[in-house]
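In what follows, a single structure is set out as structure tokens and then discussed.
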């Protein structure tokens, strides 16, 4: 059986991969493994540190390796390939495609048939803004200010464009709308209610990521 390794920034991403992506890929005869970043035990790290873990997995047999990490809070000093040059690109898709291309180049020809570079713009939590029904089903109206979430959904045709400001990032919006929100507990549950098909239809970069994985498995 083909193996897909998705190195995850944290526990919420790991739960999402296990609960949502594993059933999707298992239908294709692919087993999903979703370790968190080892060096930090979850949490973004410099590219050279993450690259070492990715290469370790790439040395395994019959494997495709990718990652699910957030654009938000990646520092210039982390030296992700193409990061500084990409700042001059205004279009979000072209910006991310450029970074992915440079990441692939940095990994080298040896791994191009097994490595799928990915960074989620701007945060993993943006996927949850694909449809408000995930929140309406899981949280009572006394637990969640639906209007705040609906405002964000209505303001951005593409949830991946919900910006990465300190007060406006997807995770910050969720904490504001749902006091005590814990993404490790709720994110994959809400995503499961929304459904992978809806998330893919609303989030083109995420959809393209799954298509690129599909092409290698």
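The values are calculated or read from the model by the stated rules, or taken from the named source; none is laboratory data. Predicted model, so just to flag it, every value in this text is computed and none were measured. Cβ: placed from backbone, ideal geometry, glycine included. Neighbour counts: every protein chain shown.
A few points about this structure:
- Hits in the stretch 184-217 (condition: over 19 Å from residue 161 (Cα atoms) and under 13 Å from the mean Cα position of the chain (by Cα)): 188
- You will find that of 169, 140, the residue that is buried (at least 17 other Cβ atoms within 10 Å of the Cβ) and either modelled with pLDDT of 90 or more or more than 21 Å from residue 97 (Cβ to Cβ) (or both) is 169 and no other.
- Residue 28 meets each of the listed conditions (1) under 13 Å from residue 119 (Cα atoms); (2) surrounded by fewer than 20 Cβ atoms within 10 Å (Cβ to Cβ) apart from (1).
- The stretch 178-209 - residue that is free of Cβ contacts under 8 Å to residues at least 40 places away in the same chain and touching a helix residue (DSSP H, G or I) at 6+ places or on another chain (Cβ under 7 Å) and, of those, surrounded by the fewest Cβ atoms within 10 Å (Cβ to Cβ): 207
- Residues satisfying the stated conditions in the stretch 114-131, i.e. out of contact with any strand residue (DSSP E or B) (no Cβ under 8 Å at 6 or more places or on another chain) and under 17 Å from residue 94 (Cα atoms): 121
- Applying the condition of being exposed (fewer than 14 other Cβ atoms within 10 Å of the Cβ) and on the phi < 0 side of the Ramachandran plot to the stretch 57-75 and asking which residue is modelled with the lowest pLDDT yields 61.
- Candidates 135, 124, 129 - the one that is on the phi < 0 side of the Ramachandran plot, over 15 Å from the mean Cα position of the chain (by Cα) and buried (at least 16 other Cβ atoms within 10 Å of the Cβ): 135
- Test: residue in the stretch 86-107 that is in a loop (DSSP other than H, G, I, E, B), at positive phi and out of contact with any strand residue (DSSP E or B) (no Cβ under 9 Å at 6 or more places or on another chain): no
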